[in-house]
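The structure under discussion appears below in the form of structure tokens.
Please treat every number below as a calculation from the coordinates, not as lab data. All figures in this text were calculated on a predicted structure; none of them were measured in a lab. Glycine also receives a Cβ, built like all others from the backbone with ideal geometry; neighbour counts cover every protein chain displayed.
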Amino acid sequence: MSAGEPDQEGRRIIIACRVMEPELAHVVSEGKGADGRTDILYLEQALHRTPDKLFMRVQEKIDQFAQTASRIVLGYGLCAKGVVGITARTSELLIPRCHDCIALFLGSPNRYLEIFRKRPGTYYLTPGWVAEKKDPLGIMEEQVSKFGRETAQWVIDEELKHYTHIALIDTGVEEMAPLRARAMENAAVLKKQYEEIPGSLDYFRELLSGPYGEGKFLRLRPGERFTPEMVF
């Protein structure tokens, strides 16, 4: 849908990180959101590493579609506070009630908290992060050209020093063998224990077509501004 196309029967725009594309595409193939009134706009991965840029990109797209959609739904959680200050314009704005996108891949904020309490020192990888090499090894390789391998390794080791496990979330939509090999390589190089966790598409289904219950989604009225205290 172009920015100038008029709203048709409650047109809905989903603004999501591209890391969710495999899961959301699968849910669409099931028929969710395939009603002709729902459009998905994907933004580039890893914006959460530069929160200011994440904020600007998301707000730009909200503003772009404010006049042409009756409802805008974000495929982002708090995400390193990158969505703090995001403001609904003339459309209703819905934001998942979660600190980061991992809850979306696990099916709910409650399931994320349940797993987190059992093992707080876990660094999660999703199929999209691994496939696009936005995992720790991929980030380290990006930094090698800037700082050299020794410094790049030190930076990643410091970022992950409080983690004990690397867990790959299996959402059931991708071939796992190559993703597993890459995730296990991350664990081996970074000296973490490896595990796999079954994911769920339930939260993605709700993201696309509701119901937008207040236990899982924050609803902002037109003109309302997002603050981190609203998440929980």
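Brief remarks on what is shown
- Computed label-point distance, nm, for sites LYS81 and THR164 using a 7 Å Cα→Cβ extension: 2.9 nm
- Counting DSSP beta bridges with both ends in the chain, the antiparallel % (nearest 5): 15 percent
- FRET E, pair THR90, ASN110, Förster distance 25 Å, beta-carbon r, rounded to 0.05: 0.15
- Shape category assigned to the range 109-198 from the gyration tensor of Cα positions, a/c cut at 1.5: oblate
- Contact order relative to length of the chain, as percent, for alpha carbon pairs under 8 angstrom and 6 or more apart: 26 percent
- Estimated from the Cβ-Cβ distance and a Förster radius of 41 angstrom, the FRET efficiency linking ASP63 and ARG117 is about 0.60.
- Full-stretch length increase - THR227, LYS146 - with 0.36 nm per residue and alpha-carbon distance subtracted: 25.7 nm
- Note on the chain: with charges restricted to the Cβ of Lys and Arg (+1) and Asp and Glu (-1), its dipole about the Cα centre is near 500 debye.
- The range 21-138 shape via C-alpha gyration tensor axes, a/c threshold 1.5: prolate
- Listed residue pairs exceeding 28 Å between alpha carbons, taken from LYS32/LYS216; LYS32/LYS53; LYS32/LYS192: LYS32/LYS53; LYS32/LYS192
- Three-way shape call for the range 75-141 based on the alpha-carbon gyration tensor, with the a/c threshold at 1.5: oblate
- Additional length obtainable on full extension of the chain from ILE139 to GLU195, 0.36 nm per residue less Cα span: 18.1 nm
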